[in-house]
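Taken together, the values in this text are just the output of simple stated rules run on the coordinates, not laboratory data. It should be emphasised that the depicted structure is a prediction, and the values quoted were computed from it without experimental measurement. Please note: Cβ atoms are built from the backbone with ideal geometry, for glycine as well, and neighbour counts cover all protein chains shown.
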Amino acid sequence: MMRKAVLYIAMSLDGYIADENGGVDWLAGQDPGSPAEDSYARFIQGVDTVIMGWNTYRQVTAELSPGHWPYEKLQAYVLTHRQCPNRGGITFLSQEPGLLVRKLKEAPGKDIWICGGAALVRQVMDKGQIDRYHISIIPILLGKGLRLFDSRKDGTRLRLLEAGQNNGILELIYEKR
C-alpha cells in the first residue's frame, strides 16, 4: 500500500493560517480554560515524515518550540534555497515539493505530513500529491493574513471522512475522490 501525503493544519474560519504579521497566537479553542481533545496525538502515530518550508521551520524553532525540536521522532525535510547543514533527522533541500512527495510516497513507511506553509501546500496541491486533508477550523475571523488556499484553477473534489468538534474547534478530514 502506498503512503499518503496528509495536510494536517489549522486555519481560521475565514481561511488564514497566520495573521498579517505571521503570528499564530490565536490557535486556541473558544474557552481557553477548557482542555482540548488532542487529535494531534492520534494523527502523529500514523506518520514518520514531515515536510515544511523555511518559514514554518523558523517559526517552529524560534517561536513555537525554541530550544526543542518537536519532531525528533520523524524524518524532517525543510524545503529552502538557503544553504543549511543537515542535522539529526532534519534534511534541508532545495527541491520542488511535489517531486519530493512523489518520491517519498514510493518508498516504504508511514504517511507523510505536509506541515506548511501555504506556498509549499499550494505547490504540492498543484502536483496533485495531497491525498488527505485534516483541517482544524479555529473559531476566529482574522480578516487578513496568510491564506491557506488560493483560488484553484481546477476544482479539487473531496470526500468527507470524518468531522468532529471540541472546544469550538471543528476538525474535518477529507480525502481526494
Per DSSP H run of at least 4 residues, take -39500 (n - 2.57); add these up for the chain, divide by its residues and hand me the 222 nm value, nearest 500 deg cm²/dmol.
-4500 deg cm²/dmol
SER65 versus ASP25, label points 7 Å from Cα toward the beta carbon: distance in nm?
2.1 nm
Those trypsin sites (Lys or Arg not before Pro) in segment 55-117 that DSSP places in a loop and that have at most 16 other beta carbons within 10 Å:
LYS73, ARG82, LYS110
Under a 5 Å amide H to amide H cut-off, with H placed in plane at 1.01 Å, what residues pair with ALA10 once short-range neighbours are removed?
SER136
Return the distance in nm (one decimal) between the two label points of a simple spin-label model at LEU93 and ASP38, each offset 7 Å from Cα along Cα→Cβ.
3.0 nm
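Exposed loop sites here are GluC sites (Glu not before Pro) in DSSP loop states with at most 15 other C-beta atoms within 10 Å. What is the longest stretch of the chain lacking them? Could the numbers behind the result be given before it?
Values: sites that count: GLU20, GLU37, GLU72.
After excluding every exposed loop site, the longest remaining stretch is 73-177.
Using the beta-carbon distance between ARG122 and GLN45 and R0 = 30 Å, what value does 1/(1 + (r/R0)^6) give for FRET efficiency, to the nearest 0.05?
E(calc), rounded to 0.05, equals 0.65.
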State the extension gain, in nm to one decimal, for the chain segment bounded by ASN86 and LEU13, taking 0.36 nm per residue of separation less the distance between their alpha-carbons.
22.6 nm
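Pull out a ≥ b ≥ c, the square roots of the eigenvalues of the alpha-carbon gyration tensor of segment 126-170, then state rounded if a/c is under 1.5, prolate if not and a/b is larger than b/c, and oblate in the remaining case. Don't skip to the answer; put the middle values down first.
Details: a/c = 2.77, a/b = 1.25, b/c = 2.21.
It comes out oblate by the Cα gyration axes.
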Dipole check, segment 15-156, charges on Cβ (K,R +1; D,E -1), about Cα centroid: among TYR40, THR56, TYR77 the Cα furthest to the positive pole belongs to TYR77
Is the C-alpha gyration tensor of segment 5-47 telling us rounded, prolate or oblate? Criteria: a/c under 1.5 is rounded; beyond that, a/b larger than b/c is prolate, otherwise oblate.
oblate
Strictly over 29 Å apart at the Cα level, which of LYS4/LYS73; LYS73/LYS144; LYS4/LYS144 would you flag in this model?
LYS73/LYS144; LYS4/LYS144
Env charge @ ILE44, Cβ radius under 12 Å, K,R +1 / D,E -1, value -1
Projected label distance in nm at GLU106 and LEU172, using a 7 Å step from Cα toward the beta-carbon
3.3 nm
Rank ALA118, ALA76, ALA107 by mean-square fluctuation in a GNM of the chain with C-alpha springs under 10 angstrom and give only the top-ranked residue.
ALA107
